[in-house]
Amino acid sequence: MTKAAELAKMGEVLTNSQIGRKNIITNGAMQISQRSASATGVGATDNVYPSLDRYAVSLGATSAGRFTMSQSVVTDLNGFSNALKIDCTTADTSVAAGEALMIQHRIEGLSCQQIKASSTSTNAYTISFYAKSNASRAIVLESKHTEGTNQQISSLHTIGTSWARYTMTVPASSSTEIDNDNTTGITISFWIHAGTTYTGGTLNTTSLAATTQANRAAGIGSIFASTDNTLEITGLQLEVGSVATPFEHRSFGEELVLCQRYFRDLCSGINGSVLSLVTHYATTNAVGTFVLSPVMRTTPTAIAVSSASHFTTYSAGAARVCSAIATDSFAPNIARMTGIISSITAGYSGWIQPNTTSATMQITAEL
Amino acid sequence: MNITKAKYRLDLDGKTKIGIETTINGINMNVPLDPQNTEYIAIQEWAKIDDNTIEDAD
């Protein structure tokens, strides 16, 4: 590249504000895995978040193939220590037309307004990521908008056996919308297995266009072709402009807080310490509240606790293990826990705490 | 999402509906009555299918 060309690119980077807080992706360096560092037998259930925060598994028709999704340790890529790893554990070489497997990152509309050019158009943006595989592997990176007419564009990448960076620039587009709300604005998908319903056409690589299913993943191989197959991805970045700039590293704490807008474990890491103050609303329960900070995307769903017996209340000079416990939420910033215990005097107060490191009390507001 | 159970949940007063007890993908959850909550949206779609109903609370 000539000096003049370099200066032109630098000017474009500055014009597009591609310096500082530029990466729209959360957990791009794959550092956060609040649910589990590794999940096995994945592939049977659609629309789940098995391991790394913000990375969903999306299926078409279900394949017989299964995989382990994990947060792998990276030792051979400068600047990165973790990756999202897919490891095929059950092969499926008979691919039905409607089968599909995508690893998705769904971006909230409120978090990607800088891509909006007008209410019916979008600016150019660039997606980049690092990847490696056990063998040469063709995958598709797709960007799909939820609103507007022109919604979808794909790019085919052949992943090698050493870490390399791959990029896709999405041109500016009309008839494309990104609503300024807390629903999904853009979905980034890594297509790693699909049948002819999604591969039978010609890959749409030129511009955002109305979705034609057959043009979404043409040319990919299948991760389920062999149990030898692995794929690792890290350094996912989405930034405004037509240039992929160096990955924006954020601190672990920043990424964790960003992820907690969508999922968190209210008692993670506080075994044996106060989880919440409680009041005995009636003679058999203890009620406590949690202020949710950061505020979650929407009123969260409460996942059943690990076990009621993992929680103990302390009041009136006695410890009582819960026989049942439930969490409810009433707004994006408040949740309530109700523990059922043996007879106590209504109106007493106390506290509740986990009594084991196995205790979980999870809430989710994922897209 | 594979929904196998949905039942309204009452507040401590025993009268006010505050959510839906549900089982999704084999996991028990309490879903708020929030039209932007992903699980609530899924339950509403599930309830449109014949024979699927959200049960009244006890």
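I need the semi-axes of the equivalent ellipsoid of the protein assembly as shown: take the C-alpha gyration tensor, multiply each eigenvalue by 5, square-root it, list largest first in whole angstrom. Intermediate results must be reported in sequence, preceding the final value.
On the way: eigenvalues 340, 111, 95 Å².
Equivalent-ellipsoid dimensions as semi-axes: 41, 24, 22 Å.
Would you mind giving the mean number of other chain beta-carbons within 10 Å of the Cβ of each residue in A:43-50, as a whole number? Don't skip to the answer; put the middle values down first.
Details: counts 0, 2, 5, 3, 6, 5, 0, 0.
That average works out to 3.
For a quick check, take a GNM of chain A with Cα springs below 10 Å and name the residue from A:Asn27, A:Asn215, A:Asn285 with the largest mean-square fluctuation.
Its mean-square fluctuation being the largest, the pick is A:Asn285.
In what sequence do A:Cys322, A:Cys259 fall when counting other Cβ within 10 Å, fewest first? Spell out each step's value before the answer.
Working: A:Cys322 24, A:Cys259 20.
Listing A:Cys322, A:Cys259 from fewest to most nearby Cβ atoms yields A:Cys259, A:Cys322.
Cut-off is 10 Å between beta-carbons; in what order do B:Lys5, A:Lys85, A:Lys144, A:Lys3 appear when sorted fewest neighbours first? Please list the in-between numbers first.
Working: B:Lys5 13, A:Lys85 23, A:Lys144 19, A:Lys3 7.
Least to most surrounded, the residues fall as A:Lys3, B:Lys5, A:Lys144, A:Lys85.
State the Kirkwood hydrodynamic radius of region A:39-128 in Å, one decimal place, computed from all pairs of distinct Cα atoms.
Every distinct Cα pair counted, the radius reaches 15.6 Å.
Quick check: residue separation of A:Leu7 and A:Ser342 times 0.36 nm, minus the Cα distance between them. What number comes out in nm? Don't skip to the end; give the middle numbers.
Numbers: separation 335, 0.36 × 335 = 120.60 nm, distance 7.30 nm.
Extra length from A:Leu7 to A:Ser342 when fully extended: 113.3 nm.
Residue farthest toward the positive end of the dipole of chain A, with Cβ of Lys/Arg at +1 and Asp/Glu at -1: which of A:Thr68, A:Thr338, A:Thr176?
Highest projection toward the positive end goes to A:Thr338.
Per residue, how much space in cubic angstrom lies within the convex hull of the C-alpha atoms of region A:233-277? Show your work: numbers first, answer last.
Values: hull volume 5.4 nm³, N = 45.
Dividing the Cα hull volume of region A:233-277 by its residue count gives 120 Å³.
So what's the angle, to the nearest 10 degrees on a 0 to 90 scale, between helix B:38-47 and the longest Cα principal axis of chain B?
80 degrees
Taking θ = phi - 60°, what integer Hz values does the Karplus form 6.51 cos²θ - 1.76 cosθ + 1.60 yield along region A:103-118, in sequence order, with x for Gly and Pro?
Each residue of region A:103-118 in turn: 9, 10, 10, 9, 9, 5, x, 4, 9, 9, 5, 5, 7, 5, 9, 8 Hz.
If the only charges are +1 at each Lys and Arg Cβ and -1 at each Asp and Glu Cβ, what is the size of the charge dipole of region A:235-336 around the Cα centre, to the nearest 20 debye? Intermediate values should be presented prior to the final figure.
On the way: 6 positive and 6 negative charges, 71 e Å.
Taking the Cα centre of region A:235-336 as origin, the dipole is about 340 debye.
Against the longest principal axis of chain A, how steep is helix A:3-15, in degrees 0 to 90 to the nearest 10, with axes from Cα atoms?
30 degrees
Would you grab the residues whose amide H sits under 5 Å from the one on A:Val278? Only those 5+ places off in sequence or on another chain, please, with H modelled 1.01 Å from N.
Here A:Gly350, A:Trp351, A:Ile352 satisfy the definition.
Longer than 28 Å from Cα to Cα, which of A:Lys3/A:Lys116; A:Lys22/A:Lys85; A:Lys22/A:Lys132; A:Lys22/A:Lys144; A:Lys85/B:Lys5 are they? Say none if no pair is.
On the way: A:Lys3/A:Lys116 31 Å; A:Lys22/A:Lys85 25 Å; A:Lys22/A:Lys132 24 Å; A:Lys22/A:Lys144 20 Å; A:Lys85/B:Lys5 33 Å.
Where the Cα-Cα span goes over 28 Å, the pairs concerned are A:Lys3/A:Lys116; A:Lys85/B:Lys5.
Looking only at A:Gly185, A:Gly253, A:Gly41, which one moves most when chain A is put into a Gaussian network model with springs between Cα atoms under 10 Å?
The residue that fluctuates most here is A:Gly253.
Could you put A:Asp53, B:Asp50, A:Asp92 in order, starting from the residue whose Cβ has the fewest other Cβ atoms within 10 Å? Please list the in-between numbers first.
On the way: A:Asp53 23, B:Asp50 5, A:Asp92 20.
With the sparsest Cβ surroundings first, the list reads B:Asp50, A:Asp92, A:Asp53.
Convex hull volume of the Cα atoms in region A:23-72, per residue, in Å³? Can you show the working numbers first?
Numbers: hull volume 3.9 nm³, N = 50.
Cα convex hull per residue, to the nearest whole number: 79 Å³.
Students often forget the sequence filter, so: which lysines lie under 20 Å Cα-Cα from B:Lys7 once same-chain residues fewer than 8 apart are removed?
The reachable lysines, counting only those whose Cα sits under 20 Å from B:Lys7, are B:Lys15, B:Lys17, B:Lys48.
Applying the Karplus parametrisation 6.51 cos²θ - 1.76 cosθ + 1.60 with θ = phi - 60° to the phi angles of region A:191-203, what ³J(HN,Hα) value in whole Hz is obtained for each residue in order, glycine and proline being reported as x?
Each residue's phi maps through the Karplus curve to give 7, 10, 6, 6, x, 5, 4, 10, 10, x, x, 10, 4 Hz.
Where nothing but the Cβ of Lys and Arg (+1) and of Asp and Glu (-1) is charged, how large is the charge dipole of region A:1-133 around its Cα centre, in debye to the nearest 20? Please list the in-between numbers first.
Values: 11 positive and 9 negative charges, 77 e Å.
Result for region A:1-133 is approximately 380 debye, rounded to the nearest 20.
Counting every Cα pair in region A:256-340, what percent are over 18 Å apart? Please report the intermediate quantities before stating the final value.
Working: 1510 of 3570 pairs.
For region A:256-340, the fraction of Cα-Cα distances above 18 Å is 42 percent.
So if I place +1 on the C-beta of Lys and Arg and -1 on the C-beta of Asp and Glu, and nothing else carries charge, what would the dipole magnitude of the protein assembly as shown be about its Cα centre? I want it in debye, nearest 20.
Details: 27 positive and 34 negative charges, 145 e Å.
Around 700 debye, computed over the protein assembly as shown.
Given just the C-alpha atoms of region A:147-299, how large is their convex hull per residue in cubic angstrom? Show your work: numbers first, answer last.
On the way: hull volume 35.2 nm³, N = 153.
Considering the Cα atoms of region A:147-299, their hull volume per residue is 230 Å³.
Given q = 0.20, 0.28 Å⁻¹, what are the Debye log10 I(q)/I(0) values for chain B, with equal point scatterers placed on the Cα positions and solvent ignored?
-0.69, -1.23
In percent, what relative contact order does chain A have, based on Cα pairs under 8 Å that are 6 or more apart in sequence?
Numbers: 1021 pairs, mean separation 61.9, N = 367.
After rounding, I find 17 percent.
Taken together, the values in this text are just the output of simple stated rules run on the coordinates, not laboratory data. On a predicted model such as this, the values are computed, not experimentally measured, just so you know. Don't worry about glycine lacking a Cβ; one is built from the backbone with ideal geometry, like all the others, and counts go over all protein chains shown.
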